[in-house]
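The values are calculated or read from the model by the stated rules, or taken from the named source; none is laboratory data. Quantities reported herein were computed from a predicted structural model and do not represent experimental measurements. Using ideal geometry, Cβ is built from the backbone for each residue, glycine included, and neighbour counts are taken over all protein chains shown. Calculation scope for accessible area: heavy atoms of the full protein, side chains included, ligands and nucleic acids excluded. Shrake-Rupley method; radii C 1.70, N 1.55, O 1.52, S 1.80 Å.
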Amino acid sequence: MHKPLISIVINCFNSDEYLRIAINSAISQTYKNWEIIFWDNQSTDESANIVKSYEDERINYFYAPVHTPLGEARNLAIEKAKGEWVCILDCDDIWHKNKLQAAFDKLDLYKHKDEVSLLYSKTIYIDEDGEEFGRFHEHHSGKIHDLLLKRGDFVFISSAIFRKDVLDKVGKIDVNLHYAEDYDVILKVTKNYHALCVDKFHTFYRVHRNNLTNTKVYEYDVENFEFLNKYVKDNNLGFELKKAVFLENSKRMTASVFKLFWKKDFSNLFKIIKGYPQYLILSPYYILYFLTRKFLKTRD
């Protein structure tokens, strides 16, 4: 089996708390033909000392000449990558030791491997202490672009392995986005290509107090509303996908109202209701949907 070089991109800015755990999960991979592109976005904590403590020539450390937003920093790191495939490992996430090997075993058995632009695995939620508290089961293979619009983004960025020539072709990360850039790049690389999912929980996504979905609820959701609406227009999508985007935005709106109310962020709560009242039409349905899911999860 051909074992291509995999470039593991780790972007870091003052992320020393879980950094060693993340790097160890990359180094421990059973698949050995990899390099790490570590892009230090001018950290002032122990991040640089941690990465430099590893005596492994496959780890390439780069100190950013200027501090940039995450999307631009990711693109700068990707430009340093020499691999045929590129994956992004966030500093607080973890991989199972067989993640890379399982992905390329699956690719090797796929009949139309030249049409594949994305490999990924299923994801487990872990807390600040690394304890599992949930699993994200949804996964699809093949032509998943339309499903990503109908069902929302079900590919976690730390789970994704991109074919680099396709990633370069679609323009990498959109630096104009700050919260929806992961969704955008997943959509772009799957628009004309296939994706393969390994039906294993090989990615561990850490949920903690500094996650953007917890700290920037209003900004995160508004950008996603605007991004999806623009994506529909720019790509001249048909009625079914337009309807799917409206439903996805409605579901997000309901969740956002709950989050902002719970945080007592009434200023942004009123702003989002005033700005996007159309997405409240289906809120009674989605309230029932969320409560039913919570009830079923409690019973499990």
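Details
- Viscosity 1.002 mPa s, 20 °C: Kirkwood-radius Stokes-Einstein D of segment 159-300 over Cα pairs, µm²/s: 124 µm²/s
- Per-residue surface analysis assigns residue 112 an accessible area of about 80 Å², computed on protein heavy atoms at 1.4 Å probe radius.
- Reciprocal of mean inverse Cα separation for the chain (Kirkwood radius, Å): 20.3 Å
- Ranking of 30, 123, 44 by solvent-accessible surface, largest first: 44, 30, 123 (1.4 Å probe, protein heavy atoms only, all chains present).
- GNM on the chain, alpha-carbon springs under 10 angstrom: the most fluctuating residue among 19, 100, 241 is 241.
- Candidate residues 194, 139: accessible-area rank, largest first, probe 1.4 Å: 139, 194
- Among 224, 236, 41, the residue with the largest mean-square fluctuation in a Gaussian network model of the chain, with springs joining Cα atoms closer than 10 Å, is 236.
- Sorted on the mean count of surrounding Cβ atoms within 10 Å across their residues, most packed first, peptides 86-95, 72-81 read 86-95, 72-81.
- For segment 1-152, the percent of C-alpha pairs falling in each 10 Å distance bin, counted from 0 to the bin holding the largest distance, reads 10, 36, 37, 16, 1.
- The phi torsions of segment 28-41, fed into the Karplus equation with coefficients 6.51, -1.76 and 1.60 and a -60° offset, translate into couplings of 7, 4, 6, 7, 9, 8, 9, 9, 10, 9, 9, 9, 8, 8 Hz, rounded to whole numbers, with Gly and Pro shown as x.
- Global size of segment 1-85 as Cα Rg and Dmax, reported in angstrom: 12.7, 43
- Selected from 187, 196, 260 as most flexible by GNM, with the chain as the system and alpha-carbon contacts under 10 Å: 260
- For the chain, calculated [θ]222 nm from helices alone, where every DSSP H run of n ≥ 4 adds -39500 (n - 2.57): -13500 deg cm²/dmol
- Given charges at beta-carbon only (K, R positive; D, E negative), |dipole| of segment 120-233 in Debye: 580 debye
- Here the Karplus relation 6.51 cos²θ - 1.76 cosθ + 1.60, evaluated at θ = phi - 60°, turns the backbone of segment 124-135 into coupling constants of 10, 8, 10, 8, 4, 9, x, 8, 5, 9, x, 10 Hz, with x for every Gly and Pro.
- Phi-derived couplings, Karplus 6.51 cos²θ - 1.76 cosθ + 1.60 at θ = phi - 60°, listed residue by residue for segment 81-92: 6, 9, x, 6, 10, 10, 10, 10, 10, 6, 5, 9 Hz, with x used for Gly and Pro.
- Cα-based helix-to-principal-axis angle, 266-275 vs the chain, degrees rounded to 10: 80 degrees
- Scaled to the globular estimate 2.2 N^0.38 Å, the Cα spread of segment 119-213, given as radius of gyration, is 1.10.
- Accessible surface ranking that places the most exposed of 17, 248 first, with a 1.4 angstrom probe: 17, 248
- Rounded to the nearest 20, the Cβ-based charge dipole of the chain about its Cα centre (Lys and Arg +1, Asp and Glu -1) stands at 1160 debye.
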